[in-house]
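Just so you know, all these numbers are worked out from the coordinates, no wet-lab data involved. Bear in mind that the values here come from a model prediction, so they are computed numbers and not experimental data. Don't worry about glycine lacking a Cβ; one is built from the backbone with ideal geometry, like all the others, and counts go over all protein chains shown.
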Amino acid sequence: MCIQISIESLRNYTSYRPVTSCSPRLTDFNTRAIFNEEHDNFRKKARQFFKSLVANQRRWELQGIIDTDVWRQVGDAGLLCVTAPKQYGGIGADYKSSVILWEEQMYKNGVGSFFPLHSDIVGTYISDLGTKEQKERILPKMVTGEMIGCIAMTEPQAGSDIQGIRTSAVKDGNDWILNGSKVFISNGYLADLCIAVAITDPNAKSFAHGISLFLVERGMEGYTRGQPLQKIGQKAVDTCELFFDDVRLPPSALLGQENKGFYHLMQQLPRERMLVGCLALAHSEYIFEQTRDFLNGNGSLSESQEIQHKLAEFKTDICVGRSFADQCIQLFQESRLSSSSASMLKYWATDLTNRIVSECLQLYGESGCMEENNVGRAFVFSRVQSIYGGSNEIMKELIARDIVSKK
């Protein structure tokens, strides 16, 4: 008998979100109590848009970058920087609307590029830390996709531990002279705007008191980028090296307070970790549904009790994760989410995705290893999620700080 592990059976369970491949009915959105009817309508719009991108995904992966005009298309659809205030061109949407965009993109196997980084990391830094002039000049262009954003922290010797940063900015009169390099910068090749992290006081009593954030824009003399790096997954996301060779920055390029960059980063990183965790969990849902449909179309496989139990484990883990994620989303909306909880979500959800996609690929057999197989592509797409945004080892260290008293 063909197994029917269907999310229809969980329609009254408020912590599980059905995905597009099997449950496209709008009424199913109401199975998550944190969203309202307005959110449901927004989700429908987002779902239709990301569906329209799928036909080009394979071509973008082969060329290693999406077409530049796609960013304008996302902007025209009103799906970039949706939380930006209306006075700066945004729609002033709430945080949950951003979450909807993350989920819907992952329900199409991460189609397109790293739009959430542009909107909900770079855009949020500008909204929260920018001067009135910076916001008026930059945010409207980010909303339309005219200006693409990236953030540059990682260096060859500084990954999850940002204390290894060597890029520096030295004052020259009122200006700053920026020197150094960054690596593995998502959106970096197409970016028109880069938030660069640099040391500004090498003699500070601690690293936390000696770094600042700067706005570096395309076309500035001495600012160059390498070619898109060839990755095993997320191939349509342009990722590259950035080089700063005596880049002269005006005083207006400083974002936030001088020498307070570390504190600005610490304030924003929980949002980034929430983002990665939510992306991963939605991807787990997508992978599960793809595998469920595949097995239900192959009676000989779905009749195996071992496989049935495996799917039951996946479904249970996803439901438990969804319950915690939705709680974190609600807490963040209320400005009550702790850094520890965001780290828990990030590490647990990304580890879950990597485990589920690996075991699901096994169920496909050799066909799962083909590049055209959605789960095979998800396998390489998801691997970096436990690394970027702070490796999961660092997440555990951050969580432990709230548990263990260090003397």
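Could you give the distance between the Cα centres of segment 336-370 and segment 385-402, to the whole Å?
15
Name the GluC sites (Glu not before Pro) in segment 157-253 that are in a loop by DSSP and that have at most 16 other C-beta atoms within 10 Å, would you? Before the final figure, lay out each step's value.
Values: sites: E217, E221, E241; in loops: E221.
Passing both the DSSP loop test and the Cβ count: E221.
Show me the three semi-axes of the equivalent ellipsoid for the chain, from the C-alpha gyration tensor (sqrt of 5 times each eigenvalue), largest first, rounded to whole Å.
On the way: eigenvalues 277, 96, 88 Å².
They are 37, 22, 21 Å, listed largest first.
I'd like to know which of N56, F35, G123 lies farthest towards the positive end of the charge dipole of segment 34-144, counting +1 on Cβ of Lys and Arg and -1 on Cβ of Asp and Glu.
Farthest along the dipole direction, towards plus: N56.
Taking the Cα centre of segment 263-401 as origin and charging only Cβ (+1 Lys, Arg; -1 Asp, Glu), how large is the dipole, in debye to the nearest 20? Write down the numbers at each step before the final one.
Values: 13 positive and 17 negative charges, 122 e Å.
It works out to roughly 580 debye.
Modelled label-to-label distance, E366 and S206, 7 Å Cα→beta-carbon offset: nm?
Placing both labels 7 Å along Cα→Cβ, they lie 5.8 nm apart.
Exposure proxy check: T239, T68 ranked by fewest other beta carbons within 10 Å? If you can, show how the numbers build up before the last one.
Details: T239 24, T68 11.
Least crowded to most crowded, the residues run T68, T239.
Quick check for you: which residues of segment 267-304 have the amide N under 19 Å from the point 7 Å beyond the Cα of S323 toward its beta carbon?
Flagged as within label range: 278, 281-282, 284-285.
How big is the dipole moment of segment 34-144 about its Cα centre under a simple scheme where the beta carbon of each Lys and Arg is +1, that of each Asp and Glu is -1, and everything else is neutral? Debye, nearest 20, please.
Values: 15 positive and 14 negative charges, 47 e Å.
In debye, rounded to 20, segment 34-144 gives about 220.
Output ³J(HN,Hα) for segment 367-378: one whole-Hz value per residue in order, computed from phi by the Karplus curve 6.51 cos²θ - 1.76 cosθ + 1.60 with θ = phi - 60°, and x for Gly and Pro.
5, x, 8, 7, 5, 7, 7, 4, 6, x, 5, 5
At N179 and K132, where each label point lies 7 Å from the Cα along Cα→Cβ, what is the point-to-point distance in nanometres?
3.8
Using each residue's phi in segment 385-400, evaluate 6.51 cos²θ - 1.76 cosθ + 1.60 at θ = phi - 60° and report the 3J(HN,Hα) Karplus result to the nearest Hz, with x for Gly and Pro.
Result, rounded to whole Hz: 5, 7, 10, 6, x, x, 4, 5, 5, 5, 4, 5, 5, 5, 5, 5.
Would you mind working out the magnitude of the charge dipole of the chain relative to its Cα centre, with +1 at each Lys and Arg C-beta and -1 at each Asp and Glu C-beta, to the nearest 20 Debye? Mind showing how you got there, number by number?
On the way: 44 positive and 48 negative charges, 106 e Å.
Computed about the Cα centre, the dipole is about 500 debye.
Any chance you could run the full-extension gain for N259 through L62? It's 0.36 nm times the residue separation minus the Cα-Cα distance, nm to one decimal. Mind showing how you got there, number by number?
Working: separation 197, 0.36 × 197 = 70.92 nm, distance 4.17 nm.
Here the answer is 66.7 nm.
Amide H of A152 versus every other amide H placed in the peptide plane: which residues, excluding those fewer than 5 positions away on the same chain, fall under 5 Å?
Under 5 Å from the amide H of A152: I195, A196, V197.
Subtract the Cα-Cα distance of T316 and I387 from 0.36 nm times their separation in residues, and report this length gain in nm to one decimal. Mind showing how you got there, number by number?
Working: separation 71, 0.36 × 71 = 25.56 nm, distance 2.47 nm.
Extra length from T316 to I387 when fully extended: 23.1 nm.
For segment 160-189 and segment 74-147, what is the separation of their Cα centres, given in Å?
Rounded to whole Å, the Cα centres lie 24 Å apart.
7 Å from Cα along Cα→Cβ at both Q227 and Q157: what's the point-to-point distance in nm?
In this crude spin-label approximation the distance works out to 2.8 nm.
Relative contact order for segment 149-259 using alpha-carbon pairs under 8 Å, separation at least 6, rounded to a whole percent? Could the numbers behind the result be given before it?
On the way: 257 pairs, mean separation 34.6, N = 111.
After rounding, I find 31 percent.
Please report how far the C-alpha centroid of segment 264-297 lies from that of segment 195-240, rounded to the nearest whole angstrom.
What the calculation gives is 26 Å, centre to centre.
Please give the calculated 222 nm ellipticity per residue for the chain, where each DSSP H segment of at least 4 residues contributes -39500 (n - 2.57) and the sum is spread over every residue; nearest 500 deg cm²/dmol? Let's see the in-between values first.
Working: 12 runs with 178 residues, N = 407.
It comes out at -14500 deg cm²/dmol, rounded to the nearest 500.
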